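Participant: So that we are looking at the same thing, I have put the structure below in structure tokens.
The values are calculated or read from the model by the stated rules, or taken from the named source; none is laboratory data. The structure displayed is predicted, hence computed values, not measured ones. A quick note on method: Cβ atoms are made from the backbone with ideal geometry, for glycine too, and the neighbour counts reach across all protein chains shown. Areas reflect the complete protein model, heavy atoms only, side chains present, ligands, DNA and RNA absent. Shrake-Rupley method; radii C 1.70, N 1.55, O 1.52, S 1.80 Å.
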Amino acid sequence: MDLQVKTIAQLTAEGQSVDVLFWVGCAGSFDDRAKKITRAFAKILQHCEVNFAVLGTEEGCTGDPAKRAGNEFAFQMAAHMNIEILNGYGVKNIVTTCPHCFNILKNEYPGLGGSYDVVHHTTFLQNLINEGRVKLTDADVFKGRRITYHDSCYLGRANGIYEAPREVLAQLDTELVEMKSCKSKGLCCGAGGAQMWKEDEPGKERINTRRSREMADTKADIVAANCPFCITMLRDGVSKQNLEGEMHVFDLAELVAAGQGIQDINLD
Amino acid sequence: MEPIQIIQILAFLLLTTLALVVSGKKYVGIYRNISMGKSEESAPNRILRWKNMLRIALGQGKMFANLPVAILHLCVYVAFVFTQIELIEIFADGITGSHRILYNSIQSSWFTGLYTAIISTIEVLSLLALIATFFFLARRNMLSIPRFRKAEMEGWPHRDANIILYWEIVLVTCIFLMNGADAALHPDEYGFVISSNLGPSLLGSFSENTLHLLERIGWWGHITGVFVFLIYLPYSKHLHILLAFPNTFYARQRPAGHIENLESVTQEIKLMMNPDTAFAAADPSAEIPTFGAKDIGDLTWKNLLDAYSCTECGRCTDQCPANLTGKKLSPRKVMMDTRDRMEELAAFRKSSGEEHDGKSLLSEEYVSVEELRACTTCNACVEACPVMINPLDIIIQMRRNLILEQSNSPEEWNALFNSIENSNAAWAFPASDRLKWTEN
């Protein structure tokens, strides 16, 4: 079934205000795996009757990979265009399912004239749970499952958010086991700094291969993540460990949506 | 005053002057080298900065990620700080040609008690420091701890680390020789917790003359050792004992993920976007902006202070995902290269009187393209540093230079930039596809 999601342009034309803009991001828009996360989070927002909208065709890349690669020019041009659109609609609150978009919108856009209240969806979910708006009525789908959590660099070290996602996971009926490197010592998935877009430099192994060994050591059924790029890398790692079918990589939004009973989840 | 005393006073004054002049010159040089950097954004929030300095530099807050090592390091550190109290009396004795001037001139029981307590504390701390030093030597030379065995540690950096540890042993040995011989000469005095027990029993059989000589060897050995240390410090990796303080104070306070926007690019874009300036003839007198960092002068003074503050412990490299998976990048090497290049450039300027030697930090000789490309900007190195050094900031600035000044970019990244510039997306999808996720 198609999701009925309004763009901010539509709502503005209808004379309606928007409480929060859902910034989908390029991965969430174009990557087939990440699109499922976008859908799950949008379903949660709809289920909780959050007054939200997306930019749709007016959204552009935040410029994060360009900036981290060193192309400050491409970044600032992209930021410039996005800020014009966001300010044009008078956007005040932004939620995003991508920690890279979150970091750059929150930290680097203000200096270029784009100041918004930006939260990552894990924090948003934690707030919804705390307010009692998300009820995990079907959390028993996770009963007896072991779950481990992968800290993305841009949510964790970059912005110091380690607890919100763990508190969300604590609401599920699972056992949380930490990997060897976690929280402020969490090991990168290997995608950041625009590595996602190019081949690795020569070395012994890929970074996600190393991470996948730590994942395998936890013997978890589920690896929870908060970043579409991490998810690509971690899934690749799962197949390197020949754990397909035994270890599943999901975004927190997908787990919460399944716990709410508004989205199916395949754990087999 | 006896002639031997006068000779000793003169020798002491000569030695002190020599040490201060030689080391002073070097320290001024380091200040000048750091000043080769560009200006740094201002340092707001002084209170938080003082707190950081107290917690992280003075309190060693970030060392405790590894408790056993933190305790060993704390022993050496506290002993070093506390021994400076004894140094006050050593100085006073040296200048006046006296012996334990504080102890002998203030004859009240409470002061004698305090004096004994302080010297005893120093002795206990020195013993702990000595034990820690042996552990450190063993860790560095006998155990195969990966961060001590990386390529950038071969040769001088490895020797430098050992020299400091050996020197620590010399300094502590001299203190105990001085106190022990003194205690053997005056077995009923002092009551130092270690020397007054061990001194008389180990050295008691020596003649009074020999004990006097041993006490003098200890005294002169210690003060000479301190001076040698003072001069050696700026040549070694060990400057962190001083620079950790300003470095933690001036460290940036914003979230680690926040990389500053390049002001020169913002200005360029403003000019481009403004119809009044976009088509106007360029002002020939205007300075052509450069983007990113190629050499020392392009970095900020804080980057350079970072480089001098680095003690090459390698906690950054130990956490770097690129390094852990066998790539050439090592954040510690970036800091060591920055310092080495800074020294090279400063020496060239001094000897030739010219500005630039044609070499640069961003080069195969120092930090190579391959190293810079391997960084995932994950901030693990920044998080790991016990004295708040930021290697990532230098890496990003050099990456900017590669792309914006040298057009040196892998093909795949060019495709990424094209996508962002032409389709407003990180992959070349049309904007009309942006809502496809809603369809099922």
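Participant: Might you let me know whether segment B:22-42 holds any residue that is open to solvent by 90 Å² or more (accessible area, probe 1.4 Å), within 30 Å of B:L137 (Cβ to Cβ) and in a helix (DSSP H, G or I)?
Facilitator: no
Participant: Against the definition (open to solvent by 10 Å² or more (accessible area, probe 1.4 Å) and among the small types (G, A, S)), how does A:G114 come out, yes or no?
Facilitator: no
Participant: Moving on to the next point. Is it the case that some residue within segment B:147-170 is in contact with a Ser or Thr (Cβ under 6 Å, 6 or more places away or on another chain) and over 30 Å from B:T317 (Cα atoms)?
Facilitator: no
Participant: Give the residues of segment A:152-184 that are under 20 Å from A:D140 (Cβ atoms) and of a type in the set (A, V, I, L, M, F, W, C), sorted by residue number.
Facilitator: Selection gives A:V168, A:L169, A:A170, A:L172, A:L176, A:V177.
Participant: Tell me which of these B:N408 doesn't satisfy, since it passes every other one: (1) open to solvent by 20 Å² or more (accessible area, probe 1.4 Å); (2) outside any helix (DSSP H, G or I); (3) at the interface with another protein chain (Cβ under 7 Å from one of its Cβ atoms).
Facilitator: (3)
Participant: Let me spell it out: the conditions are (1) within 11 Å of chain B (Cβ to nearest Cβ); (2) more than 15 Å from the chain's Cα centre (by Cα); (3) open to solvent by less than 40 Å² (accessible area, probe 1.4 Å), and A:D2 meets all of them except one. Which number is the exception?
Facilitator: Of everything listed in (1) within 11 Å of chain B (Cβ to nearest Cβ); (2) more than 15 Å from the chain's Cα centre (by Cα); (3) open to solvent by less than 40 Å² (accessible area, probe 1.4 Å), A:D2 misses just condition (3).
Participant: Can we say A:C230 is in a loop (DSSP other than H, G, I, E, B), open to solvent by less than 20 Å² (accessible area, probe 1.4 Å) and within 26 Å of A:A66 (Cα to Cα)?
Facilitator: Here the answer is no, as A:C230 does not meet what is asked.
Conditions (1) crowded, with 24+ Cβ neighbours inside 10 Å; (2) touching a Gly at 6+ places or on another chain (Cβ under 6 Å); (3) more than 7 Å from chain B (Cβ to nearest Cβ), marked per residue:
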site	(1), (2), (3)
A:G192	yes, no, no
A:Q195	yes, no, no
A:K198	no, no, no
A:E201	no, no, no
A:N208	yes, yes, yes
A:R211	yes, yes, yes
A:A216	no, no, yes
A:D221	no, no, yes
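Participant: Right, next: Is at least one residue of segment B:347-363 more than 21 Å from B:M36 (Cβ to Cβ) and among the charged types (D, E, K, R)?
Facilitator: no
Participant: Within the bounds of segment B:313-336, is there any residue that is in a loop (DSSP other than H, G, I, E, B), farther than 30 Å from A:R213 by Cβ and open to solvent by less than 50 Å² (accessible area, probe 1.4 Å)?
Facilitator: Scanning segment B:313-336 turns up no residue that is in a loop (DSSP other than H, G, I, E, B), farther than 30 Å from A:R213 by Cβ and open to solvent by less than 50 Å² (accessible area, probe 1.4 Å).
Participant: Turning to a different aspect of this structure: So for segment A:50-64 (the condition being open to solvent by less than 50 Å² (accessible area, probe 1.4 Å), touching a helix residue (DSSP H, G or I) at 6+ places or on another chain (Cβ under 7 Å) and more than 11 Å from chain B (Cβ to nearest Cβ)), does at least one residue qualify?
Facilitator: So far as segment A:50-64 goes, yes, one or more of its residues are open to solvent by less than 50 Å² (accessible area, probe 1.4 Å), touching a helix residue (DSSP H, G or I) at 6+ places or on another chain (Cβ under 7 Å) and more than 11 Å from chain B (Cβ to nearest Cβ).
Participant: If you go through segment A:5-41 one residue at a time, how many are assigned to a helix (DSSP H, G or I), more than 8 Å from chain B (Cβ to nearest Cβ) and among the aromatic types (F, W, Y)?
Facilitator: Qualifying residue count, segment A:5-41: 1.
Participant: Hey, another quick one. Restricting segment B:245-289 to residues that are among the polar types (S, T, N, Q) and away from chain A (no Cβ under 12 Å), which is surrounded by the fewest Cβ atoms within 10 Å (Cβ to Cβ)?
Facilitator: My answer is B:S285.
Participant: If the requirement is being over 17 Å from the mean Cα position of the chain (by Cα) and on the phi < 0 side of the Ramachandran plot, which of these qualifies: A:N93, A:N103, A:N87, A:N127?
Facilitator: Testing whether each residue is over 17 Å from the mean Cα position of the chain (by Cα) and on the phi < 0 side of the Ramachandran plot leaves just A:N87.
Participant: Before we move on, is B:V382 among the β-branched types (V, I, T), closer than 20 Å to B:I259 by Cα and open to solvent by 10 Å² or more (accessible area, probe 1.4 Å)?
Facilitator: Answer is yes for this residue.
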